[in-house]
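This report concerns only the one structure given below.
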Amino acid sequence: MLSTLRNPTFRHLFASQLVALLGTGLATVALGLLAWQLAGDTAGAVLGTALAIKMVAYVTLAPVAAAIAERLPRRAFLVALDLIRAGVIACLPFVDQVWQVYVLIFALQAASAGFTPAFQAVIPDVLKDEGDYTNALSLLRLAEDLEQLASPILAALLLTVVSFPVLFAGTVAGFVASALLVVTARLPDRARAEGSHFWADVTKGVRIYTATPRLRGLMVMEAAVAAAGAMVYVNTVVLVKARLGLGEEAVALAFAGFGAGSMLAAFLLPRILTRLDDRPVMIGGAALMVAGVALVPMVGSLAALIALWAIIGFGFSLTQTPIGRIINRSAREADRGAVFAAQFALSHACWLVTYPLAGWVGAGAGLSAAALVLAGIGAVGVVAVLWLWPAHDPEAFAHSHDNLPLDHPHLMGHRHHTHRFVVDENHPRWAAKL
């Protein structure tokens, strides 16, 4: 896995992601404690609303940002968004009203809606070999899990000597360091799609995504991911402080349990994916998360919560790490950025539902009721994946074209042919006959 770091461009990008996520992990803990300071026992509802605002930014702005990114230099686009995120985080320690948190969260996530898909689309252009790319996905998953493990542990240590607003300074430093590392990376030029109207580019990724069966399955799988993730991110602070009666350090340790499970799965996945297809691995991970959330009503101690969060984290990584491989199979290089943006937007549409649901049901009917509702949503998502994503899913298959003239360059004089099939202008729908 570590051999992938021999590539200097990926090494810089990986380091950029690592330092940004270390800072983001500090902000995750600090934001929960800020919500508790402003709202007390209803902190879950405040966090649920704040995170729903985050999802609105992701869902509405990611496709637009992807279309803009296609028209701008990659490096300048990524660096500018990192610096914008640093500036927004610098404002959070000074808020004293809940509405101010909501405004800043929207601004922060508007920048992230542009940065994350653009960053994801660069990696397969840097690492062409699928084995290297799979290793890179696992390394990036491990880096993301530092937000749930190393950063919360660091936060727990810092909270013994400083107040929580100081944690936001670490996030600012992380985004600034990320920008500097992107500046020093030699990013490859992106493949250019045929000239098209801006709004056609905005919708292109969603059109490809919704026309591809395996991507439709991926979309509903995110219901299970979002249901479990919302329970963890929204209600951990309430579970620890209200139900278990513990302090701020225990909140950080609970988040660390989730991260530890996710990191273990990411470490094992390169070997697992050499033996099993992506589909059964991802469906198994989704089912594991749903089962974990259903067990939340039985939690009665910090040790039990950490163990359960580790199980859910393991399933989370099984479903999320292979996503890049699925998108690579499903889009040509020129369309990859748009499809990553569609994945980002459509998956977070699920979080837009589950984040406020986790907070509001937890505050109104109790944490056990919230867990059961979210587990039910996740179970429906797992069943839907089995229906939408065919078990037999070849990358190339035979098809024929009635939609193109016989002298079209794609046909080379043959209407019936076999090749790697992706939805594009020559293949506007998923079918054996076009």
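The values are calculated or read from the model by the stated rules, or taken from the named source; none is laboratory data. What you are looking at is a predicted structure, and each value in this text was computed from that prediction instead of being measured. A quick note on method: Cβ atoms are made from the backbone with ideal geometry, for glycine too, and the neighbour counts reach across all protein chains shown.
Here are a few things to note about the model shown:
- Search result, residues across the stretch 288-343 that are surrounded by 20 or more Cβ atoms within 10 Å (Cβ to Cβ), outside any helix (DSSP H, G or I) and among the polar types (S, T, N, Q): Thr321
- Boolean, Arg186 is modelled with pLDDT under 80, of a type outside the set (Ser, Thr, Tyr) and closer than 21 Å to Val79 by Cβ: no
- Taken over the stretch 7-34, the criterion of being under 13 Å from Phe119 (Cα atoms), among the small types (Gly, Ala, Ser) and in contact with a Ser or Thr (Cβ under 8 Å, 6 or more places away or on another chain) is satisfied by Ser16, Ala20.
- Between Gly217, Gly259, Gly245, the distinction of being within 22 Å of the chain's Cα centre (by Cα), at pLDDT below 85 and not β-branched (Val, Ile, Thr) belongs to Gly259 only.
- For the stretch 407-426, the condition of being closer than 25 Å to Pro280 by Cβ and in a strand (DSSP E or B) holds for at least one residue.
- If you check Asp402, Asp335 for being more than 30 Å from Ala50 (Cα to Cα), outside the structural domain of Phe119 (by TED's automatic domain parsing) and of a type in the set (Asp, Glu), only one passes: Asp402.
- Of Leu318, Leu372, Leu357, all but one fail to be touching a Pro at 6+ places or on another chain (Cβ under 8 Å) and modelled with pLDDT of 85 or more; the exception is Leu372.
- Residues satisfying the stated conditions in the stretch 127-138, i.e. of a type in the set (A, V, I, L, M) and buried (at least 21 other Cβ atoms within 10 Å of the Cβ): Ala136, Leu137
- Of the residues screened, Leu33 is not one that is closer than 30 Å to Thr274 by Cβ and of a type outside the set (Val, Ile, Thr).
- Which listed residue, of Thr60, Thr42, is out of contact with any helix residue (DSSP H, G or I) (no Cβ under 6 Å at 6 or more places or on another chain) and closer than 23 Å to Thr354 by Cβ: Thr60
- Against the numbered list (1) surrounded by fewer than 15 Cβ atoms within 10 Å (Cβ to Cβ); (2) assigned to a helix (DSSP H, G or I), Val361 comes up short only at (1).
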